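One structure is given below, encoded as C-alpha cells.
The values are calculated or read from the model by the stated rules, or taken from the named source; none is laboratory data. No experiment lies behind these values; they were computed from the predicted model shown. Positions of Cβ are generated from backbone atoms using ideal geometry, with glycine treated the same way; all protein chains shown enter the neighbour counts. Surface areas here come from the heavy atoms of the whole protein model, side chains and all, with no ligands, DNA or RNA. Shrake-Rupley method; radii C 1.70, N 1.55, O 1.52, S 1.80 Å.
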Amino acid sequence: MAVVGIDAATGSLLVGGKKVFPIVLSNGPPPSSVAPSGRNGLAEVAAAGVGFLRTGTGNWSPEFVAGQIQNERTLLDAAGAHGLRCWTWLGKLPNLPTTAGSTNEQLLTQVVNALKGHAALGAWKGIDEPAFGSVPAAGLVRAYKRIRALDPNHPLVIIQAPRGAVADLKKYAPALDITGADVYPVGYPPGQHAATQNKDVSVVGDVTRKMVGAANGKPVWMTLQIAWSGVLPPGHVPRFPTLLEERFMAYQAIVAGARGLSFFGGHLTPVLRPADAQSGWNWSFWETVLRPVVAELSSTAVAPALVAPAGRTVSADAADVVLATRAAGGFLYVIAVRRGQGTSQVRFSGLPAAVQSGEVLFEYANGSFRSVGVAASAFRDWFGPHDAHVYRFRL
C-alpha cells in the first residue's frame, strides 16, 4: 500500500512520495465495459492519463454493509489491475454526533478499517456538498478526526456546491484535507448551477478562486462537467461542453489554483447514445472531448507544470487574460486563459532576459509545437474567446 499524502509546498497529491495531479472520473466506466477501441474500459481511460475513479456509495447501511464492502473491494481490485486508484465515497457516514458509539461511527469504523489497506485506495470522499445541504461542520470535524485516527495514510476530500459565501465554506476547513467544488455551467439556460451573475463557462474560475479562499491553505480539486442533472431529459434538453469549453474550463481551474480535476457525469444513462448505453458510459463524449483534454493534461509536456511550484511573475496587458506560471525541469511554464469575449493580440512581459523563444504546447506548426519569439523579456500572441495557451520556455 502506497501512502497518499499532500505536498506542503505545492498542494499536489503525494502517492508513494511522488507528486501527482489527480485526474478523476466521477463515475468511471464499469469494470466490464468495452471502449470503442475494443479494449477494456478501465484500460482505455488509464492509458489516456486518468489516474482516479470515484467509487463508494451514498447509502452505507448496517443491513447491507458486508456486501457493500465486498462490492467496493471488487471495484478497487478492478481499478488496481489497471493502475488506477479509487476515491471512495463514504456517503453520509462521516458526520458524527457528540455521543460516542453511534451507528454512524460504528459503520464508519467498519468501512474504513475494511478498505484502508487496499493498494488501490487513493482518497476518501466525505459528505457531498455539506454547506449547500445545511449540514453543520461540527459533526464533519468529529468524523474527520475519527477517520484520520483510523487511517492516517489517505486524505479526506470534501466537495462543495458552487454556492455559498467564503466565510461559510471556511467553517468546513477543519473537517478535510482537500476541498473543492463542482461547477456545471453548460445547459439551457446556461449558468444555472452556480446561480451567479456570470452565466459563462468562465464561472469555473470564479468558483475555483472562491474555494481557494475557503480552503485555508489546503489544496483544491475542482469537479467539471460531462453531464449533470440540469441536462437530463425529460425535464431538460441534453447539452455537453465542447472540446474548446472543456479544455478552457480545465486550464482556467488550474490557473485559479486547482491541484486536481474530476470530470462528472459520464455514467448518467439518460443522455447516453444507444451504443454507449449498452456499455454504461459516455464513450462518445470521451472520444470527442474528454480524451484529448486528459491526454494533454497527463502528457510529458504538460504534466510537470501541474505539480510544480509557481514560477516568476509574468504579466499580461489584457485585463481579461489571467495566467499562472510554474517552474519545473529547467522550464518556465506560462498557462494563460481568456475569460472574456474579445479577440486580440496580448503582450506578456516579465520573462528572463536570456529567453529568446518558447513553445506553445499542443498547438502545432509543421509537425512541431508552435513557437513564439521573445524580445526584451516579452512576447505577443493571439487570444480569442475562451482560448487557453500553455507556453514553455527553456531557462
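Residues checked against (1) modelled with pLDDT under 95; (2) surrounded by 24 or more Cβ atoms within 10 Å (Cβ to Cβ):
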| residue | (1), (2) |
| --- | --- |
| N216 | no, no |
| P233 | no, no |
| H236 | no, no |
| T242 | no, no |
| F248 | no, yes |
| G265 | no, no |
| L268 | no, no |
| A275 | yes, no |
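Tallying residues that are more than 16 Å from N153 (Cα to Cα) and either open to solvent by 30 Å² or more (accessible area, probe 1.4 Å) or not in a loop (DSSP other than H, G, I, E, B) (or both) within region 109-130 yields 3. Filter region 348-387 down to the residues that are open to solvent by less than 40 Å² (accessible area, probe 1.4 Å), of a type in the set (G, A, S) and at positive phi, then identify the one that is farthest from the chain's Cα centre (by Cα). Taking the candidates together, the pick is S377.
Only residues that are among the hydroxyl-bearing types (S, T, Y) and in a strand (DSSP E or B) were counted in region 24-46, giving 1.
Scanning region 152-166 for residues that are touching a residue at least 24 places away in the same chain (Cβ under 8 Å) and either open to solvent by 40 Å² or more (accessible area, probe 1.4 Å) or within 28 Å of T196 (Cβ to Cβ) (or both) yields N153, L156, V157, I158, I159, Q160, A161, P162, R163, G164, V166.
Conditions tested, residue by residue: (1) closer than 29 Å to V203 by Cβ; (2) among the aliphatic types (A, V, I, L, M).
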position	(1), (2)
N282	yes, no
R291	yes, no
A308	yes, yes
D317	yes, no
T325	yes, no
G329	no, no
I335	yes, yes
S349	yes, no
A354	no, yes
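Output yes when any residue across region 339-347 is without any contact (Cβ under 8 Å) to a residue 40 or more places away in the chain and open to solvent by less than 10 Å² (accessible area, probe 1.4 Å), and no when none is. Within region 339-347, one or more residues are without any contact (Cβ under 8 Å) to a residue 40 or more places away in the chain and open to solvent by less than 10 Å² (accessible area, probe 1.4 Å).
A quick yes/no check of all residues on (1) farther than 15 Å from A253 by Cα; (2) part of a strand (DSSP E or B); (3) of a type outside the set (F, W, Y):
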position: V334; (1), (2), (3): no, yes, yes
position: Q341; (1), (2), (3): yes, no, yes
position: V346; (1), (2), (3): yes, yes, yes
position: V360; (1), (2), (3): yes, yes, yes
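Only helices (runs of 4 or more DSSP H) whose full extent lies in region 196-295 are considered here, and the ones with at least 3 residues that are within 24 Å of I158 (Cβ to Cβ) are 203-214, 243-255. Scanning region 308-326 for residues that are without any contact (Cβ under 8 Å) to a residue 24 or more places away in the chain and surrounded by 13 or more Cβ atoms within 10 Å (Cβ to Cβ) turns up G311, D320, T325, R326.
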